[in-house]
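Data first, discussion second: the structure below is written as C-alpha cells.
The values are calculated or read from the model by the stated rules, or taken from the named source; none is laboratory data. Keep in mind the model is a prediction, meaning the values are calculated, not measured. Cβ atoms come from the backbone with ideal geometry, glycine included; neighbour counts cover every protein chain shown. To get the accessible areas, we keep the full protein, side chains included, count just its heavy atoms, and leave off ligands, DNA and RNA. Shrake-Rupley method; radii C 1.70, N 1.55, O 1.52, S 1.80 Å.
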Amino acid sequence: MASANLSSTVTRLRSQYETGRTKPIPWRLAQLKGLDRMLREGGDELADALRADLGKSAPESFLAEIDFVAAEVRAMRKHLRSWLRPKRVHTPPHLQPAKSYLLREPLGLVLVIGPFNYPVQLTLAPLAGALACGNAVIVKPSEEAAETSATLARLLREYLDPDAVAVVEGGAEATSALLAERLDHIFFTGSPRAGRIVAKAAAEHLTPVTLELGGKSPAIVEPGADLAVAARRIVWAKFMNAGQTCVAPDYVIALDGVGPELERHLAEAVREMYGHAPAESPDYGRIVNEAAFDRLAGLLEAGRLVCGGGRNRETRYIAPTVLADVDAKDAVMAEEIFGPILPVLSLDSLDEAIAHVNAGEKPLALYAFTDSEATRRKLLTRTSSGAVGFNVPSAHLDVPGLPFGGIGASGLGSYHGKWSIEAFSHAKGVLDKPLAPDTMQVVYPPFTAVKEAVMRRLR
Ligand code: NAD
C-alpha cells in the first residue's frame with residue numbers, strides 16, 4: 001500500500017474511533033464473536049496457508065495457533081464485563097467525602113505488528129486484546145508468511161467491522177510508513193533488531209509500545225531429573241515449527257556431567273517424534289526463507305554432532321540437530337538461534353549456569369529440569385527472565401492467568417487474558433468529590449497553626 005493510502009487508512013480509522021463507535025461493550029463483544037466465527041469457519045484455510053508458508057502440520061496449526069487464539073477469544077468474551085468493571089479504591093481521610101475508582105479507557109488507534117513464525121496466533125491474540133478494550137486497530141502481519149498474511153487480510157475484512165479494523169500487508173517499508181503516523185499504541189512482536197527500530201520510531205510521537213521480542217532461553221538440566229522425560233519435553237518444544245518459536249529452549253546447559261546421557265536421550269526423542277528421516281515426517285516444519293536457512297546452515301559447524309545436521313536449501317529443510325561440546329564462544333551461542341539447532345553446553349555447577357545466564361541479555365524464558373526445591377529457589381531469586389518453566393518448556397504461555405512477555409532485551413510489557421486488558425487500555429484514575437461541604441478549606445491559604453495541625457494529622 002502506498003504511503004498516501006496508509007495515511008488515509010490511519011485518518012479513516014482514527015475518525016471512526018473518535019465517533020465513539022468502538023467503545024460500547026456490545027461492539028467489542030461483536031468483534032470477538034466475529035473473530036471466534038472466523039477461526040471456526042476459516043480455520044482450515046488458515047491451516048492451509050500455514051502449511052504453505054512454514055510446512056506446519058494441521059494438528060500443530062490448530063494446537064498452537066488457531067485453537068489457541070479461539071480459547072483466548074472465548075475467555076475474553078466470557079470475562080470481559082468483569083475485567084472492565086470500574087474498580088473502587090480507598091480514598092484517604094483528608095480527601096473525604098469522595099469516591100475514587102479506576103476506569104479502563106481504550107487507547108485509541110492501535111497498530112499490531114506480527115512476526116512470521118506463529119503468524120495467526122501472534123497477530124490475532126493481540127488483536128483480540130485490542131478489540132476487547134475498544135480500540136480501532138491496524139494489523140500488519142508478517143510478509144515472510146505471505147499466504148497467511150493474505151488469508152488473514154481477506155478473513156479479517158470479512159468478519160470484523162471494516163470501519164474500525166484494517167489490515168496493511170507488506171514488509172519493512174510499509175511498516176516504516178505506518179510508524180511515521182501518530183498512533184496511540186504499538187504492539188510489536190518480532191526480533192530485538194526490528195524492536196529497536198519500532199521503539200525509536202514510536203519515541204518520535206511518544207507513542208507507548210509493547211515489545212514482544214526474543215532471546216536465548218536456556219534449559220538447565222540437573223542430575224536427578226528424569227533425563228528421558230526432560231529430553232522429550234525439550235525436543236518437543238525446540239523442534240516444533242522447526243525451532244522457529246520465541247519461547248523454544250535456545251540451548252541446553254547440562255550440569256554436573258549429565259551431558260552424555262542427556263544427549264543420548266535427546267537423539268532418541270528426536271527419532272521418536274520425527275522418525276529416522278525427519279524430512280519425510282508430516283509433522284516437521286520448514287525454515288521460513290533462504291536467508292534464514294543460510295544463517296542457520298552457518299551455525300551447524302559448532303561442537304560435536306549428536307544427531308541431525310542434514311539440510312536441503314531447495315526445500316528449506318534443516319534436520320532437527322543436537323550439537324554437544326559447544327563452547328560458550330561459538331557463534332551458535334552468540335545470538336538467538338531461532339531454528340532447529342540445539343547446542344548442549346556442559347557446565348560444572350548451578351552457580352556457573354547462573355553466571356552464564358546472567359552474563360547475557362535477560363531471556364524470554366528460563367527452563368530448568370530439576371527435582372530440587374533449593375535449585376528452584378536459587379534460579380527464581382538469582383536470575384531474571386520473562387517467565388520460568390520448571391520441568392516443562394514453552395507451555396507457560398498456555399496458562400491464561402499468566403502474563404506473557406519478556407524483560408530487558410526480550411521485551412517490554414505483557415499480554416494474554418486479563419493481562420491484555422492492561423496492555424490495551426489506560427487505567428484512568430478518577431476522584432469524585434462533592435462540592436458541598438467544602439472540606440478542602442483546610443488546605444487553602446492563608447495557613448494557620450490550626451489548619452496545619454489538622455492537615456498533618458489527617459495525612
Ligand atoms: P522480524 O523482527 O524480522 O519481523 C517482525 C515484524 O517486523 C514483521 O512484521 C516485519 O515486517 C517487521 N519488520 C522487520 N524489519 C523491519 C524494519 N526494519 N522496520 C519496520 N518493520 C520491520 O521478526 P521475525 O523474523 O518475523 O520473527 C522472529 C523474531 O521474533 C525472533 O527474534 C523471535 O524470538 C521473536 N518473536 C518473539 C515472540 C514473543 O512473543 N516474544 C513471538 C514470536 C517471535
Tabulated pairs, segment 378-390, first away from the ligand (no atom under 16 Å from the Cβ), second aromatic (F, W, Y), C-beta under 6 angstrom, 6+ apart or interchain:
none
Of S100, S176, S149, S142, which residue is in contact with a Ser or Thr (Cβ under 7 Å, 6 or more places away or on another chain) and surrounded by fewer than 23 Cβ atoms within 10 Å (Cβ to Cβ)?
S100
Given the options S372, S425, name the one that is closer than 27 Å to A75 by Cβ, at pLDDT 95 or above and small (G, A, S).
S425
Any residue in segment 438-446 that is touching a Phe, Trp or Tyr at 6+ places or on another chain (Cβ under 9 Å), of a type outside the set (S, T, N, Q) and not in a loop (DSSP other than H, G, I, E, B)?
no
Here are some residues: I354, I341. Which one is of a type in the set (A, V, I, L, M, F, W, C), more than 16 Å from the ligand (Cβ to nearest atom) and open to solvent by less than 50 Å² (accessible area, probe 1.4 Å)?
I354
From A328, A324, A302, residue being of a type in the set (A, V, I, L, M), under 24 Å from P223 (Cβ atoms), more than 16 Å from the ligand (Cβ to nearest atom) and surrounded by fewer than 21 Cβ atoms within 10 Å (Cβ to Cβ):
A328
Among all residue pairs at least 6 apart or on different chains, which show Cβ distances below 6 Å where the first residue, located in segment 238-258, is more than 13 Å from the ligand (Cβ to nearest atom) and the second is assigned to a helix (DSSP H, G or I)?
I253/A353; A254/L262
Of those in segment 158-190 that are of a type in the set (S, T, Y) and in contact (Cβ under 8 Å) with a residue 40 or more places away in the chain, the residue farthest from the ligand (Cβ to nearest atom) is Y159
Listed residues A355, A359, A328, A365; which is in contact with a Pro (Cβ under 8 Å, 6 or more places away or on another chain) and assigned by TED's automatic domain parsing to the domain that holds S394?
A365
Contact list please: Cβ distance under 6 Å, first residue in segment 7-35 and farther than 22 Å from T175 by Cβ, second residue aromatic (F, W, Y) and part of a helix (DSSP H, G or I), pairs at least six apart or on different chains.
G34/Y159
Taking A64, is it modelled with pLDDT of 95 or more and buried (at least 16 other Cβ atoms within 10 Å of the Cβ)?
yes
Out of segment 238-292, which residues are buried (at least 20 other Cβ atoms within 10 Å of the Cβ) and acidic (D, E)?
D250, E263
Inter-residue pairs, beta-carbon under 7 Å, first within 6 Å of the ligand (Cβ to nearest atom) and in segment 191-215, second open to solvent by 40 Å² or more (accessible area, probe 1.4 Å) and part of a loop (DSSP other than H, G, I, E, B), 6+ apart:
L213/S191; G214/S191; G214/E336; G214/F338
Per the filter on segment 397-422, residues within 12 Å of the ligand (Cβ to nearest atom), touching a Phe, Trp or Tyr at 6+ places or on another chain (Cβ under 9 Å) and not in a strand (DSSP E or B) are L397, P403, G405, G413, S414, H416
For segment 103-129, which positions are surrounded by fewer than 24 Cβ atoms within 10 Å (Cβ to Cβ) and touching a His at 6+ places or on another chain (Cβ under 9 Å)?
L103, R104, E105, P106, L107, G108
